[in-house]
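The values are calculated or read from the model by the stated rules, or taken from the named source; none is laboratory data. Remember, predicted model here, so these are calculated numbers, not experimental data. Cβ placement follows ideal geometry from the backbone for every residue including glycine, while neighbour counts extend to all protein chains displayed. Only protein heavy atoms, including side chains, enter the accessible area calculation; ligands, DNA and RNA are left aside. Shrake-Rupley method; radii C 1.70, N 1.55, O 1.52, S 1.80 Å.
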Amino acid sequence: MYLAAAAVPIPASAADAAGGPPSNPATAQELPQITVIGNTPLGGLGLPLNQIPSNVQTADSKDMQRQQTLDLADYLNNNFSGVNAGESADNPFQLDINYHGFTASPLLGTPEGLSVYVDGVRINESFGDTVNWDLIPQSAVSTVTLMSGSNPVFGLNTLGGALSVKTKSGHDDPGTEFEAYGGSFGRRSFEGATGGEFGNFDYFLAGNYFDETGWRDNSPTRVYQGFGKVGWQNDKTDIDLSYTYADTSLYGNGATPVSMLDYRRAASYTPDFTANLLRFVNLTGTQFLTDKLLLSGNVYYRHLMTGAANGNINDNYLANYTGPPFDCTAPPASRANLTYCAPGQNATSRLLQRTKGFGLQLTDSQDVFGWTNQAILGADYNDSNDTFSQSSLFGQLTSDRHLVYAASPFNDETVISLTGGNKIYGAYLTDTLSPGKLLHFTLSVRYNRNTETLNGYSIDADLGDFGAGFDQESPLKGDHTFSRLNPAFGLTVTPTDALTFYADYNEASRAPTVIELGCANPAAPCGLPNAFASDPDLRQVVARTVEVGARGNRPDQRLTWSADVFHTVNSNDIQFVTTGTNAGYFDNVGNTRRQGLDLSLGGKEGGLNWHLTYSFVDATFQSNFAVGAQSNSTANADGAIFVRPGDRIPLIPKHTGRLVLDYALTQRWDIGGNLIAASGAYLHGDENNANQAGGTNGAGAYISGTGWIPGYTVVNLQSTYHVTKRAEIFARLVNLFDKQYATAGFLTTSSFEPNGAFIPDPNNRSHENAVAPAAPRAIWVGMRVRWE
């Protein structure tokens, strides 16, 4: 593993050692030297690490292959400080990656606080700013860089950090490689890649196939991924055209009440399914206009189709309403009849996201008044069109909690139909000035203008509104514009080549998503946080970060270290505010704060590489507001709890740590492993941190859930034996001690007995913890062959 915060410059040529451009500087966007950090979304010259005033962590493809991680998110969780993964969906390709208390998640409705770029394209999806890790083929990843803070240059959603991914090319990754492995959970995986060059032309191709039955009930996963890149380059020009394809089928059954997990650890609540189909084309290029002036640009198109089917218990089943009585033994005579008599309900949806855009960037590395200087001026444009529809299917439930569709002309109603457009205009400037070898000053600013247009309708599906709007269509229309100028300034102090001190202040913002704008009217609350009813304006979230740190190393790499302190305050943060039982709306609720520190220590000794990290993250609400949480013992009769300043934000552990080891037993045999530790955290539904197991809420219901998940320590191992220079066998063992733990969940009302039997009377249902259980001990074994 390479951590840029502790890396040592290794000149590629005399020009590099003198601080000049690399031997072929036009290829800088593909694979920069490990100590040159890309400080903007588009490819360019980058900056030496000692001029970056923030915490920076990097890794490359060799690190990921050595650890045999499943995908990029898995690698981040296993190695990077300040990161912890939440398994809200409980599918290995659908992790929530939390960094310093900010999230990059594939789940709609999650507040997204990290921006993610692949070859200069921001891949936070347009509909909800989500990040789909299953759409990034790990076999195509060359390098990954995680930068802390609210760096405005990286645009929207960079509240807590920016993740930049560079893909491979035939010029830098020649040769052919095939890999196959299998083992626990019925998992089997095949992967191949080949690359090379002919004169000025190069190519790279990669393909992955992954399939498993899963360890929980109803939890299969299938993933197809493909990546191709062709390029042309000379000493001044580099042009690359890449294509990414992904076809994934993911069952992520998420959190399950602990009573069911205690009865059977592999139990699932109701099945949830997501299918993604991606086509992504990206044309990138760099051109040296002069020896000191570099022009970079890209043009791209993303086409993502997502289908989902989420199994639910029908909240309207046998509900109280004011209409005439229904005979549930007879065929339903109306939609209200069907809604009242069916215990099961599936929400099926179809989402099409089409995004096109371009970016231009000019880098000037000319000295200013004899001082070393790098100035970058950039602009980008992103145009997205989204089409979303959701239908409700009602019926009975099988013993394994699947839906038996009720044959009825009133079934399969489209309850949401929405089209939307999102145009993002951005311009940025960053300048790093070095009066000498000791001081380096950085000033950055970015202007964003974001316009969102919504047009559609939603259906009132709440049976409590019978006779007063039930099954009636409401328009969903709106035009929203958000703009802001975000600044940043920082400095680094480098008394020696091996020691850097830095400080930074920066600001960034995120605009409300369609999910939030579609459910933001107190007068028309939504039945669920991801439903749509209306779209009044919300204010954009603004993050302000102060960061101070230091890093250093010994020239022989025997010891490297870094320390970083950060403090981020979000203003106008957005939360789901209750208006009654199971109803509410998104609103700006005030401030939240995330602050803490990262410590990192590592080194090399003989055949041993080791790395130790510790992170402290104190994430708290800083304003008063109400939130719906009827399974909390402090909830009032309407199911609301009241959050106060200082209450901790759920699912963010205060303490996390990692120990990563790699050791070469012989010239042919490598072994390694990592230990991941995290402290406990509050569950969603206990935002006020006041729930007490054994209490009763304001409606008189008994609460058995603690609202808390305990901490955990898990150990993973891997080993590789090099049979020949071209062939090797490997094995990976996860959760060595078969630890039973969870990383995500919420307080909930369980509609099932511990054995999975349905409880028809809501008054007999339990209020308890629901958690997403981590996978048990598992082992996979495989073989890899390669040749030039």
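Accessible surface for the chain, divided over its residues, is 38 Å² per residue with a 1.4 Å probe. Charges were assigned to the Cβ only: +1 to each Lys and Arg, -1 to each Asp and Glu. The resulting dipole of the range 223-339 about its Cα centre is roughly 60 debye. A full extension of the chain between residue 301 and residue 241 corresponds to an added length of 20.4 nm, given 0.36 nm per residue minus the alpha carbon distance.
Using C-alpha pairs under 8 Å with a sequence gap of at least 6, the mean separation divided by the residue count of the range 668-788 gives a relative contact order of 28 percent.
Each listed q (0.09, 0.18, 0.19 Å⁻¹) maps to a log10 I(q)/I(0) for the range 127-278, found by the Debye formula over equal Cα scatterers with no solvent: -0.43, -1.15, -1.19. The stretch between residue 778 and residue 399 holds 133.6 nm of extra length on full extension. This uses 0.36 nm per residue minus the Cα-Cα distance.
If we sort 318-331, 299-312, 632-645, 86-99 on the protection proxy, mean other Cβ atoms within 10 Å, highest first, what's the order? Write out the running numbers ahead of the final one.
On the way: 318-331: 11.8, 299-312: 18.2, 632-645: 20.4, 86-99: 25.2.
Answer by packing, highest mean first, reads 86-99, 632-645, 299-312, 318-331.
Taking 20 Å as the straight-line reach from the Cα of residue 477, the lysines in range (excluding those fewer than 8 positions away in the same chain) are 423.
Just subtract the alpha-carbon distance of residue 279 and residue 447 from 0.36 nm times their residue separation and send over the number in nm, one decimal.
57.5 nm
Per residue and in Å³, how big is the convex hull formed by the alpha-carbon atoms of the range 606-648? Spell out each step's value before the answer.
Details: hull volume 4.8 nm³, N = 43.
Dividing the Cα hull volume of the range 606-648 by its residues yields 111 Å³.
For the chain, the relative contact order works out to 11 percent when only alpha carbon pairs closer than 8 Å and six or more residues apart are counted. Over all Cα atoms in the chain, the spread is summed up by Rg and Dmax: 26.4, 88 Å. Note on the chain: dipole from Cβ charges, positive end direction compared against 572, 150, 665; the farthest Cα belongs to 665. Sketch the reach of a paramagnetic label on residue 65 as a point 7 Å from Cα along Cα-to-Cβ, and name the residues of the range 722-742 whose backbone nitrogen lies under 20 Å away. Answer for this model: 722-733.
Within the straight-line cut-off of under 12 Å between alpha carbons, the aspartates and glutamates reachable from residue 62 are 173, sequence neighbours fewer than 8 places apart in one chain being disregarded. Taking other residues whose beta carbon is less than 12 angstrom from the beta carbon of residue 112, and scoring Lys, Arg as +1 and Asp, Glu as -1, yields -2. Within the shell of other residues whose beta carbon sits under 9 angstrom from the beta carbon of residue 41, the net charge comes to 0, with Lys and Arg scored +1 and Asp and Glu -1. Once all protein chains are placed together, residue 438 keeps about 90 Å² accessible to a 1.4 angstrom probe. Which of 376, 363, 396 sits farthest toward the positive end of the charge dipole of the range 342-406, with +1 on the Cβ of Lys and Arg and -1 on the Cβ of Asp and Glu? Farthest towards the positive pole: 396.
For the range 587-603, the residues whose backbone nitrogen is under 15 Å from a point 7 Å from the Cα of residue 655, taken along Cα to Cβ, are 597-599. The label-point distance for residue 738 and residue 362, in a model that sets each label 7 Å from Cα toward Cβ, rounds to 6.6 nm. Karplus-based coupling profile of the range 494-499, in residue order and whole Hz: 10, x, 9, 5, 9, 9, with θ = phi - 60° in 6.51 cos²θ - 1.76 cosθ + 1.60 and x standing for Gly or Pro. Across the options 500, 295, 324, the greatest Cα extent toward the positive end of the charge dipole of the chain (unit charges at beta carbon of Lys, Arg, Asp, Glu) belongs to 500. Across the range 60-127 the C-alpha pair distances fall into 5 Å bins from zero in the proportions 3, 16, 25, 25, 21, 7, 2, 0 percent. A simple charge model with +1 on the Cβ of Lys and Arg, -1 on the Cβ of Asp and Glu and nothing else charged puts the dipole of the chain at about 1220 debye relative to its Cα centre.
Under a crude label model (7 Å from the Cα following the beta-carbon direction), how far is residue 330 from residue 201 in nanometres? The answer from the label model is 7.4 nm.
Where does the charge balance sit around residue 199 when Lys and Arg score +1, Asp and Glu -1, over other residues with C-beta under 15 Å from its C-beta?
Net of charged neighbours comes to -4.
Whole-Hz Karplus values for the range 335-352 come out as 5, 5, 4, 4, 5, 6, 9, 9, x, x, 8, 9, 9, 9, 9, 9, 10, 10 Hz, taken residue by residue from phi with 6.51 cos²θ - 1.76 cosθ + 1.60 and θ = phi - 60°; glycine and proline positions read x. Partner lysines whose Cα lies under 27 Å from the Cα of residue 437, excluding those fewer than 8 positions away in the same chain, are identified as 292. Using a Förster radius of 22 Å, what is the FRET efficiency between residue 753 and residue 699 based on their Cβ-Cβ separation? Nearest 0.05, please. The computed FRET efficiency comes out at 0.55.
Taking the protein heavy atoms of the chain in the context of the full set of protein chains, the accessible area attributed to carbon and sulfur is 58 percent at 1.4 Å.
For residue 266 and residue 623, what is the calculated FRET efficiency with R₀ set at 45 Å and r taken between the beta-carbons, to the nearest 0.05? Walk me through the intermediate numbers first.
On the way: r = 41 Å, r/R0 = 0.91.
Working from the Cβ atoms, E equals 0.65.
Between residue 232 and residue 407, what's the calculated FRET efficiency when r is the beta-carbon distance and R0 is 60 Å? Round to 0.05. Don't skip to the end; give the middle numbers.
On the way: r = 59 Å, r/R0 = 0.99.
With R0 = 60 Å, the Cβ-Cβ based efficiency is 0.50.
Over all projection directions, the Cα-based convex hull of the range 649-788 averages an area of 12.4 nm².
When the pairs 236/604; 604/725; 168/654 are compared against a 29 Å limit on Cα-Cα distance, 236/604; 168/654 fall above it.
Between residue 715 and residue 481, the distance separating the two model label sites (each 7 Å from Cα on the Cα→Cβ line) works out to 6.1 nm. If you take the Cα centroid of the range 636-714 and the Cα centroid of the range 336-356, the two points sit 31 Å apart.
With 10 Å bins beginning at zero, the pair-distance distribution over Cα atoms of the range 466-512 amounts to 17, 20, 17, 15, 12, 9, 7, 2 %.
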